[in-house]
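Have a look at the structure below, then the notes.
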């Protein structure tokens with residue numbers, strides 16, 4: 001079976017996010033199962049040995065849609081796969097093209113998150129993203145959602161029954177601390193946040209809470225923030241300006257490979273105060289590394305099944321400050337137990353091998369379906 005992956009920036013790199021990680025994990029495993037996988041990459045994104053590079057208009061509003069359009073044209077006329085898999089509701093805006101011009105091609109769309117809820121978008125962009133949501137569930141032969149929360153959302157809002165297949169986690173084991181020494185860190189000396197530096201991820205609120213912690217309350221811990229912005233230069237500047245006089249806040253930039261693995265496996269704890277998610281791979285990775293995770297109390301986080309005492313209410317004055325203080329002072333045995341439970345949960349519920357098996361079965365079901373005519377969609381079950 002030949003599958004084309006469209007919508008991601010490319011394969012995973014330090015500049016990638018959750019979708020790039022997701023596409024990399026499933027594409028490599030699908031190839032190992034014997035499938036042919038074509039992954040499209042935006043020309044400005046770091047090169048790799050696998051993906052096909054196509055240009056885009058690299059602006060905040062046009063980067064994704066222009067690349068998705070060109071990738072769709074290329075795959076229809078040059079690749080001609082059995083499956084086109086769109087990642088995200090923005091790219092789903094183009095999913096009508098293959099339904100119209102290549103009715104035998106099966107369209108799968110993964111609904112990764114409710115993008116229009118993200119604060120970086122204006123009114124017009126949110127309107128297009130809402131249209132993309134509708135196309136993601138109407139034009140696709142099958143819509144995948146990565147969380148039960150999104151499953152409920154799609155069913156309630158669009159009266160469609162999507163397929164739940166979550167993101168996964170890699171079970172990380174302790175590595176050498178050499179990579180940490182290069183950035184001035186020691187094992188267990190820091191609280192880690194791995195995140196895209198965009199407003200809804202809550203990094204501004206995290207830094208503000210950290211600044212309010214007294215030196216005594218920090219107990220010689222540092223706050224390490226690993227990640228870059230994405231068309232959010234002004235916001236990133238604000239973050240760094242806010243933190244510039246605090247030596248206990250360290251921005252490492254986006255990390256990958258051994259350095260990222262070391263950051264996860266040697267952290268004291270992980271913190272993720274996001275206001276909007278689909279299913280955050282960064283939190284899953286922290287769970288897979290056996291870390292206690294301090295996360296905002298939103299449905300997508302509650303769904304992960306981590307320690308409920310480490311959920312932080314949103315929009316409650318000083319809630320994050322108090323939660324950080326309690327985390328640092330928490331009994332070490334209690335923290336270890338929480339981390340071990342997270343690791344077991346990640347292994348049981350978010351295993352990449354099981355996830356890819358389910359995706360491959362979904363592809364096979366659609367390829368062998370006889371329902372291909374435009375007049376027949378939506379082909380998903382409704383209620």
With criteria (1) in contact with a helix residue (DSSP H, G or I) (Cβ under 9 Å, 6 or more places away or on another chain); (2) touching a residue at least 60 places away in the same chain (Cβ under 8 Å); (3) surrounded by 14 or more Cβ atoms within 10 Å (Cβ to Cβ), residue 211 comes up short on (2)
Is there a residue being surrounded by fewer than 16 Cβ atoms within 10 Å (Cβ to Cβ) and not assigned by TED's automatic domain parsing to the domain that holds residue 253 anywhere in the stretch 105-116?
-> no
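Regarding residue 334, is this residue out of contact with any strand residue (DSSP E or B) (no Cβ under 6 Å at 6 or more places or on another chain), farther than 19 Å from residue 194 by Cβ and assigned by TED's automatic domain parsing to the domain that holds residue 224?
Values: out of contact with any strand residue (DSSP E or B) (no Cβ under 6 Å at 6 or more places or on another chain): yes; farther than 19 Å from residue 194 by Cβ: yes; assigned by TED's automatic domain parsing to the domain that holds residue 224: yes.
Taking the combined requirement at face value, the residue satisfies it.
How do the helices (runs of 4 or more DSSP H) wholly within the stretch 127-212 filter down when requiring 3 or more residues that are in the same structural domain as residue 359 (by TED's automatic domain parsing), modelled with pLDDT of 95 or more and closer than 30 Å to residue 258 by Cα: which remain?
none
The values are calculated or read from the model by the stated rules, or taken from the named source; none is laboratory data. This one's a predicted model, so the numbers in the text were calculated from it and none came from an experiment. For neighbour counting, all protein chains shown are included, and Cβ atoms are generated from backbone atoms with ideal geometry for every residue, glycine included.
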